[in-house]
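Here's a structure for you.
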Amino acid sequence: MVECNLPKVDVVGSSPIARSNLASILFLAQYRPRKRVEDYTLQPHIPSERAFLSGPEKTLKYKLTKLFLLLLIVFLVIYGFLLLGISCLPFELVKAKIDTLAPYGRTDLLSVALFEQIVFRLRIFGIALLLISGAFYTGRRKTQQYVSNLLASFSSFIRELTQRFNEVVKKEDKTHLYAFFIVFLLAIAVRVFFLFQPMRYDEAFTFTYFASKPLYVGLSYYLPNNHLLHTLLVRLAYLFFGNQPWIIRLPALFAGLLLVPTSYMVTRIFYNKHAALLTAGIVASSSALIEYSVNARGYTVLCLIFLLILALGTYLKKSRNPAAWLLFAVLSALGFYTIPIMLYPFGIVIVWLSLSTIFKDTDPSASNLLKDMFFSLIILAFLTFMLYVPIFVTVGVKSVISNRFIAPQSWSFFVAKLSPSLRSVWNHWNRAIPLGINLLLVIGFFTSLVFHKRLTIHRIPIILAVAIWCIPVLIVQRVVPFPRVWLFLLPLYIGLASSGVSYLLRPIESKISHYKHVIFGILTITLSFWLSLNVIHTKSVYYSEQTGTLRDAKAITIFLKDYLKPGDRVLAFCPSDIPLVYYFNLYDVPVKHFFYDLDSSQRILLIVKKSTQTLERLLNKKDLSLTNYSVPKIIQKYKFASLYEINRVNARKERR
């Protein structure tokens with residue numbers, strides 16, 4: 001059994017910076033199982049009105065719960081009538097407003113038939129919200145008691161976590177704290193190094209068509225590219241700080257940085273502090289996690305939410321607390337609001353909790369835990385529904401649950417593509433990691449599986465829940481996900497591998513017991529620093545082709561700003577077009593040059609990405625005959641792209 005008690009070391013003289021940096025990560029890390037805890041029921045006995053009003057604190061609680069319920073009902077009523085009111089707007093007014101948001105002043109997306117469907121859905125969802133508000137009003141007494149119970153359990157939840165955090169910080173060796181602080185600084189440094197790289201296709205698309213638009217547009221139209229919670233955060237960053245690539249990436253950056261302390265916390269909960277420190281060091285310097293920390297997508301947000309609900313799951317196994325279950329539901333709803341692939345991480349945690357219940361690895365009874373989980377799922381469903389109402393109204397439910405990207409594929413295609421996809425995932429995870437370190441992590445991973453019972457107090461391996469949930473879901477969906485979909489599992493893999501490595505080092509640890517904190521801290525810092533330098537040296541993040549890129553887009557835009565003339569058509573194809581559109585908007589170059597009719601354009605400026613495109617293939621895509629055009633000539637050469645100019649022959653003659 002691994003020694004779990006922390007050494008009693010006086011840290012009064014330790015740095016306040018080091019202590020404060022663990023404030024967000026150690027609140028659950030000193031968790032120890034208990035035989036039984038005092039239960040807070042989700043459906044307590046409803047006291048009488050007199051019981052509520054006995055004493056000033058209960059009177060205040062009664063007023064707060066009543067106010068909350070009133071605000072909730074009023075919100076639902078206003079929301080419902082708002083949807084009904086919008087459904088009465090005339091088509092011409094709505095179409096004119098939508099046209100003003102189009103890049104060239106007009107869009108054909110909104111037809112009369114589509115408008116009628118939206119009106120129908122507006123009225124259906126408006127009526128549904130009014131009915132929900134009526135249900136809350138009818139059951140206001142039970143709801144009020146539930147909210148009152150939440151307030152009581154919330155205070156106990158915060159008090160318990162604060163107590164555990166204080167215990168951990170007071171007992172922790174200051175060398176360990178300093179080592180973590182240095183690792184966190186390395187994570188910041190290496191991510192800032194790549195923060196100013198050229199805009200990629202997906203993030204440029206997100207900002208151009210969603211985050212730069214008003215919220216009623218950005219959060220009411222769904223494409224798999226639109227990670228809604230992340231879009232909201234990018235919108236706020238844009239409104240507060242302006243439009244620059246590094247600003248647009250701030251939400252992903254902060255989530256990516258928080259992965260370092262959160263992965264530390266989760267690994268420490270499951271294993272020990274040495275494995276946790278090693279996990280933090282590798283997460284800080286992982287090329288894949290660095291890439292998506294400086295890519296304005298929602299994947300690091302999803303990774304963070306997964307680790308948080310996994311940490312909450314360990315708490316809920318041992319403590320029956322409605323506030324913790326509510327937090328679990330809220331975080332999960334935010335995960336689904338970020339990307340619907342939250343189905344994978346959420347299902348893993350639910351399966352793990354269910355298995356823990358079946359094998360009696362929980363303090364609350366099975367019936368109580370399953371009942372609490374059921375009510376949490378109801379809250380999750382309600383919150384997710386409320387968040388997605390604008391999407392369901394405008395583009396329908398099918399756009400989220402059955403779009404073309406998640407449509408079932410043929411069995412032959414699925415089987416043929418699954419293995420290469422998994423290889424791509426593995427290569428992405430281990431990119432810029434030396435072979436020796438890679439092999440050590442693999443050995444550590446399998447060691448953690450073989451010696452699971454010796455490494456952790458949790459009976460059910462989390463990797464078992466991953467297999468039980470993800471494999472059947474993949475088979476039922478029959479869709480080969482993009483490799484980045486599995487990014488949320490990377491911190492978990494690193495944590496398991498680190499726990500195995502720390503177990504293998506136990507014989508050495510016993511011989512250096514007096515210096516183990518110093519030695520292990522130095523080893524972790526050295527490894528993290530080495531991996532970070534390797535990522536910077538190889539520029540693996542910069543050269544990554546994931547989510548599409550045109551690295552010369554900014555230079556091309558600056559050249560075309562003075563070179564373009566009225567009527568010129570700029571012709572570019574995926575993944576070159578959207579980064580160019582972004583930089584055109586950034587440098588005030590009219591984007592209408594992308595939408596001029598080719599048949600009437602006097603001059604065409606064609607961008608060819610060298611690594612994936614050829615001039616002939618791009619011309620064939622538009623069925624562009626060169627009969628009436630001059631021979632394409634290169635006017636600018638860049639490292640990753642070439643800029644061609646094609647002039648209309650008859651246009652020259654007319655000028656003469």
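Restricting the search to segment 226-267, which residues are within 12 Å of the chain's Cα centre (by Cα) and of a type in the set (S, T, N, Q)?
Asn226, Thr231
Test Tyr543 against the stated conditions and say whether it is open to solvent by 30 Å² or more (accessible area, probe 1.4 Å) and within 23 Å of the chain's Cα centre (by Cα). Steps first, answer last, please.
Numbers: open to solvent by 30 Å² or more (accessible area, probe 1.4 Å): yes; within 23 Å of the chain's Cα centre (by Cα): yes.
Taking the combined requirement at face value, the residue satisfies it.
Of all residues in segment 241-292, which are farther than 25 Å from Ser448 by Cα, touching a Phe, Trp or Tyr at 6+ places or on another chain (Cβ under 6 Å) and touching a residue at least 60 places away in the same chain (Cβ under 8 Å)?
In the first step, residues of segment 241-292 are kept if they are farther than 25 Å from Ser448 by Cα; the result is 241-257, 290-292.
Then drop every residue that is not touching a Phe, Trp or Tyr at 6+ places or on another chain (Cβ under 6 Å), which leaves 246-248, 292.
Once the filter is applied, which keeps residues that are farther than 25 Å from Ser448 by Cα, touching a Phe, Trp or Tyr at 6+ places or on another chain (Cβ under 6 Å) and touching a residue at least 60 places away in the same chain (Cβ under 8 Å), segment 241-292 yields only Tyr292.
Do we have Phe336 as open to solvent by 10 Å² or more (accessible area, probe 1.4 Å), at pLDDT 95 or above and either in contact with a His (Cβ under 7 Å, 6 or more places away or on another chain) or closer than 30 Å to His537 by Cβ (or both) here?
Taking the combined requirement at face value, the residue does not satisfy it.
Give the residues of segment 108-130 that are in a helix (DSSP H, G or I) and of a type in the set (Gly, Ala, Ser), sorted by residue number.
Answer for segment 108-130, where residues must be in a helix (DSSP H, G or I) and of a type in the set (Gly, Ala, Ser): Ala113, Gly126, Ala128.
In segment 453-467, what residues are surrounded by 16 or more Cβ atoms within 10 Å (Cβ to Cβ) and farther than 21 Å from Ile282 by Cα? Before the answer, list the steps.
From segment 453-467, those surrounded by 16 or more Cβ atoms within 10 Å (Cβ to Cβ) are 455-458, 460-463, 465-466; that's our starting set.
Scanning segment 453-467 gives Ile457, His458, Ile460, Pro461, Ala465, Val466.
Just checking, which of Gly55, Gly105 is modelled with pLDDT under 90, at positive phi and either open to solvent by 40 Å² or more (accessible area, probe 1.4 Å) or acidic (Asp, Glu) (or both)?
That would be Gly105, the only listed residue that is modelled with pLDDT under 90, at positive phi and either open to solvent by 40 Å² or more (accessible area, probe 1.4 Å) or acidic (Asp, Glu) (or both).
To continue, here is another question. Cβ-Cβ below 8 Å, separation at least six or inter-chain, first residue in segment 617-638 and under 21 Å from Phe559 (Cα atoms), second at pLDDT below 85 and part of a loop (DSSP other than H, G, I, E, B): which pairs?
Pairs that qualify, where the first residue is under 21 Å from Phe559 (Cα atoms) and the partner is at pLDDT below 85 and part of a loop (DSSP other than H, G, I, E, B), are Pro632/Leu626.
Among (1) crowded, with 17+ Cβ neighbours inside 10 Å; (2) farther than 23 Å from Leu233 by Cβ, there is one condition Ala381 misses while meeting the rest; what is its number?
Failing condition for Ala381: (1).
Please determine whether any residue of segment 426-447 is among the basic types (Lys, Arg), assigned to a helix (DSSP H, G or I) and at pLDDT 90 or above.
No, because not a single residue in segment 426-447 is among the basic types (Lys, Arg), assigned to a helix (DSSP H, G or I) and at pLDDT 90 or above.
Hey, another quick one. Inspect segment 310-333 for any residue being open to solvent by 10 Å² or more (accessible area, probe 1.4 Å) and of a type in the set (Val, Ile, Thr) and give the result as yes or no.
yes
Please enumerate the residues belonging to segment 229-265 that are under 13 Å from Phe205 (Cα atoms) and aliphatic (A, V, I, L, M).
Hits for segment 229-265 are Val234, Ile248.
Here's something else I'd like to know. Can you tell me which residues in segment 384-401 are without any contact (Cβ under 8 Å) to a residue 40 or more places away in the chain and under 21 Å from the mean Cα position of the chain (by Cα)?
Of everything in segment 384-401, those that are without any contact (Cβ under 8 Å) to a residue 40 or more places away in the chain and under 21 Å from the mean Cα position of the chain (by Cα) turn out to be Phe385, Met386.
Right, next: Got at least one residue in segment 131-142 being out of contact with any helix residue (DSSP H, G or I) (no Cβ under 8 Å at 6 or more places or on another chain), open to solvent by 30 Å² or more (accessible area, probe 1.4 Å), of a type in the set (A, V, I, L, M) and part of a helix (DSSP H, G or I)?
Yes; the residues of segment 131-142 include at least one that is out of contact with any helix residue (DSSP H, G or I) (no Cβ under 8 Å at 6 or more places or on another chain), open to solvent by 30 Å² or more (accessible area, probe 1.4 Å), of a type in the set (A, V, I, L, M) and part of a helix (DSSP H, G or I).
Out of the residues in segment 472-516 that are crowded, with 21+ Cβ neighbours inside 10 Å and among the polar types (S, T, N, Q), state the one that is farthest from Thr262 (Cα to Cα).
Top of the filtered list is Ser502.
Filter segment 208-229 for residues that are open to solvent by less than 10 Å² (accessible area, probe 1.4 Å) and out of contact with any Gly (no Cβ under 9 Å at 6 or more places or on another chain) and give the result.
Result: Gly218, single match.
Continuing with the same structure: Quick one: which residue in Phe559, Phe594, Phe584 is in contact with a Lys or Arg (Cβ under 9 Å, 6 or more places away or on another chain), surrounded by fewer than 19 Cβ atoms within 10 Å (Cβ to Cβ) and in contact (Cβ under 8 Å) with a residue 24 or more places away in the chain?
The conditions single out Phe594.
Which pairs have Cβ atoms under 9 Å, sit 6 or more apart or on different chains, and link a residue in segment 355-383 that is within 30 Å of Ala135 (Cα to Cα) to one that is part of a loop (DSSP other than H, G, I, E, B) and open to solvent by 30 Å² or more (accessible area, probe 1.4 Å)?
Ala366/Lys360; Asn368/Asp39; Asn368/Thr41; Lys371/Thr41; Lys371/Gln43; Asp372/Thr41; Phe375/Gln43
The values are calculated or read from the model by the stated rules, or taken from the named source; none is laboratory data. Since the structure is predicted, the reported quantities are computational estimates derived from the model, not experimental observations. Positions of Cβ are generated from backbone atoms using ideal geometry, with glycine treated the same way; all protein chains shown enter the neighbour counts. Surface accessibility is based on the protein's heavy atoms, side chains included, excluding ligands, DNA and RNA. Shrake-Rupley method; radii C 1.70, N 1.55, O 1.52, S 1.80 Å.
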